[in-house]
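Report on one structure; see the data block that follows.
Taken together, the values in this text are just the output of simple stated rules run on the coordinates, not laboratory data. As the structure is a prediction and not an experimental result, all values here were calculated from the model. Virtual Cβ from ideal backbone geometry, glycine too; neighbours counted across all protein chains shown.
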Amino acid sequence: MRDLGSGVPRWIVVVAMVGAAFVLLPLVAIVLRVDWADFGALVTSESSVAALGLSLRTSSLATALCIVFGVPLALVLARTRFPGQRLLRSLVLLPLVLPPVVGGIALLYTFGRLGLLGPALADAGIDIAFSTTAVVLAQTFVALPFLVLSLEGAIRTTGSRYEAVAATLGARPTTVFRTVTLPLLAPAVVSGAILSFARALGEFGATLTFAGSLQGVTRTLPLEIYLQRETDPDAAVALSLVLVVVAVLVVGVAGAQGSIRRGRTVAGVVR
């Protein structure tokens, strides 16, 4: 086969199209399977609306926690050197490859009543397992590495020359972080937060193991879809389409943020 104008061999394009079809055909199948006549009623039932509302609230809180803990963690991993740094990075990114149900078990034996911190929390009158708080913690656990990974790469690419200039002018480290570092990393933080939100929104295994499935309390939209699959397949398909649409919007916004960030980087190089 001859190469295309871009220099890519045609056989690579054919293989790429097969790979794209492998991803796209299941999404097309969902669209074709939806009962459009009853779509509105299926996605606006009491249990569906409650699950969607809970998912949006808990995912937003989990994303906020990812930003609060992920930004400092990414800065420490990217800008400092200390013994065990590689091990720490590996452990922080472990939820990316860890089965979510294993993460749920780990959280249960950390914050549950019989867990590592359970007795101390119980003495303080705090019961986390199988509550809405457990949902937020489970989503944060699986989503945090997405923000850390994307932000750490952005920090290494940006460098520290602007912070160094600010420091030589007498600015304190906290002032440099607030007035220089954060504005520079804002697009990367937004992009990483969007990806974290998407991961939190789709979380299933850790949530089910650590928080259970109580309607209005811990039953998020993925759990509702799983339960509806057994009792009302049409509702499960309709709700799945809702999640697909939300995911497409999130990925689109994240891609737009990435394009903006790359454009600013190119502009900075040109200057």
Farthest toward positive dipole pole in the chain [+1 Lys/Arg, -1 Asp/Glu at C-beta], among V31, A16, T157: T157
Using helices alone, what [θ] at 222 nm do you get for the chain, with -39,500 (n - 2.57) per DSSP H run of 4 or more residues, divided over all residues and rounded to the nearest 500? -25000 deg cm²/dmol
Label point distance in nm, A21-L56, each placed 7 Å from Cα along Cα→Cβ: 3.8 nm
How far apart, in nm, are two points set 7 Å out from the Cα along the Cα-to-Cβ line at Y162 and at S213? 4.7 nm
Could you compute how fast the chain diffuses translationally, taking Rh as the Kirkwood radius over C-alpha pairs and applying Stokes-Einstein at 37 °C with viscosity 0.692 mPa s? Give it in µm² per second. 155 µm²/s
Please compute the length gained on full extension between L32 and L96, using 0.36 nm multiplied by the number of residues separating them and subtracting their Cα-Cα distance. 19.9 nm
